[in-house]
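Student: Right, I'll just put the structure down here and ask away after.
Each reported figure results from applying straightforward, stated rules to the coordinates on display, with no laboratory input. For clarity, every value in this text was computed on a predicted model and none was experimentally measured. Using ideal geometry, Cβ is built from the backbone for each residue, glycine included, and neighbour counts are taken over all protein chains shown.
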Amino acid sequence: MSKVAPELVLNADQLPDTTDIPKIEPTPSKPLPKPLADFKQYVESKFCYHAKPVENAELISVEPKMAFQCHMKILIEARKLRTEVTPYRWHTETVLGSRTLGRFFEETELRGEAIGHIWNDYQVDLPSTEKSKQTLALVESISYLRCSRCRGKCIVSCTHCSSGLVASGTKLCSYCKGAGKVTCSRCKGLGGFRHTPTLTVKWHTQYSTWFYQNSFLHVKRIRKGQRTQVWSVKHEPWSKQSSIENVVQSIQEETPDIPLKENIIKDYYEKQLNPVKTKNNAMRRLECSIERMNFEEVRYKMGENYQNKKDPTLESTFRFCQYPGPEGKTVIYENDYPLNCCGCFGEKAACYSSCCTIL
Ligand SMILES: [Zn+2]
Ligand SMILES: [Zn+2]
């Protein structure tokens, strides 16, 4: 007789839970880190760009960077001396009751004070505006001259007739109406002239904007981005001999790879001072300000197939910047995305082309 196996009583709690079938999920696409997700959105917004490869991009680094915009204004002064000549009443005294004798003995020129040195001897207040002009009459140096044509007589002989008659003495001259004399046209019948020396002082402002950074942002982007003023000075008086080296001493340099003082000194000499150094003008006022923009430079890779053609030293690494743009929005700037031209026709047709880099 075969043994009957005892009845196996199963405890439900000990049984494996077969209803819990392990799920077979498709490999989840790795979510892109925030900077790359932003970048993907940017690439997708570009008409010509091919965005697909960004999904497989690998984030290498996010580095804080800085850009500075330095604005310099210099008030330049030019001076010019002119003499204004106007007919002026000449008064001849009589000598022994005779004006003819008076004219014979008088000085034909009454000189004013000698004109001084136009740069050293005349003080002119600087304008508060960036462009201005002032004309000063140097009244102490006004001179009076007797008319050399009529010798102060105010009248001259008529050149169209002989004693007021023409046509062999039968007809009155129509020019002088028979008088034989006409008003001196040179001095307008006043007998002399007034020479007024005038000093014209003109100011204009020479502007320069320089950009310094430790990244590769386009200057237009720095100009459009949101910046904060970190330094400003105003020096008045200022001259071509003033020391820019002293002025920049108060600049706080924030990062060793942007030597602000050195850069400003160099640009001041090259772009502001040297072009006007030998010109006959003067520097009067210097204003300079520095604004800073903080931003991030992001580096990424998209595989060995993609080589950086903009900067071959970067090999298969690419970069973009995220900077604070207008209205506080973060804006992306890049110039080396490898599929930035014809990318809309697919990856194979896409190529790098600098003409497609829209600023
Ligand atoms: Zn005259
Ligand atoms: Zn005449």
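Student: Run down 176, 150 and say which single residue is closer than 30 Å to residue 101 by Cβ and touching a Lys or Arg at 6+ places or on another chain (Cβ under 8 Å).
Tutor: 150
Student: Out of the strands (runs of 3 or more DSSP E) lying entirely within region 145-223, which hold 3 or more residues that are of a type outside the set (A, V, I, L, M) and touching a residue at least 24 places away in the same chain (Cβ under 8 Å)?
Tutor: The qualifying strands (runs of 3 or more DSSP E) are 191-213.
Student: While we're looking at this one, here's another question. Have a look at 299, 319 and point out the one that is under 34 Å from the mean Cα position of the chain (by Cα), surrounded by fewer than 17 Cβ atoms within 10 Å (Cβ to Cβ) and over 30 Å from residue 201 (Cα atoms).
Tutor: Matching residue, one of 299, 319: 299.
Student: Would you pick out the residues in region 150-196 that are away from ligand 1 (no atom under 14 Å from the Cβ) and touching a helix residue (DSSP H, G or I) at 6+ places or on another chain (Cβ under 8 Å)?
Tutor: Of everything in region 150-196, just one residue is away from ligand 1 (no atom under 14 Å from the Cβ) and touching a helix residue (DSSP H, G or I) at 6+ places or on another chain (Cβ under 8 Å), namely 196.
Student: Another one. Could you list, ordered by first residue, the pairs with Cβ atoms under 9 Å in which the first is in region 91-105 and farther than 15 Å from residue 191 by Cβ and the second is aromatic (Phe, Trp, Tyr), at least 6 apart or interchain?
Tutor: Listed pairs, sorted by first residue: 95/104; 95/105; 98/104.
Student: Right, next: What is the residue count in region 173-198 for residues that are of a type in the set (A, V, I, L, M) and near ligand 2 (Cβ under 8 Å from one of its atoms)?
Tutor: The total comes to 2.
Student: Let me ask something additional. Determine whether residue 278 is out of contact with any His (no Cβ under 7 Å at 6 or more places or on another chain), under 28 Å from residue 126 (Cβ atoms) and surrounded by fewer than 11 Cβ atoms within 10 Å (Cβ to Cβ).
Tutor: yes
Student: Another question, then. Any chance region 294-302 includes a residue that's more than 30 Å from residue 315 (Cα to Cα) and charged (D, E, K, R)?
Tutor: No.
Student: Go through region 140-167 and report how many residues are out of contact with any Gly (no Cβ under 8 Å at 6 or more places or on another chain) and within 16 Å of ligand 2 (Cβ to nearest atom).
Tutor: Residues that pass the stated criteria total 5.
Student: Right, next: Taking the residues in region 72-129 that are in a loop (DSSP other than H, G, I, E, B) and of a type in the set (Phe, Trp, Tyr) as candidates, determine which candidate is nearest to ligand 2 (Cβ to nearest atom).
Tutor: Going through the qualifying residues, I end up with 90.
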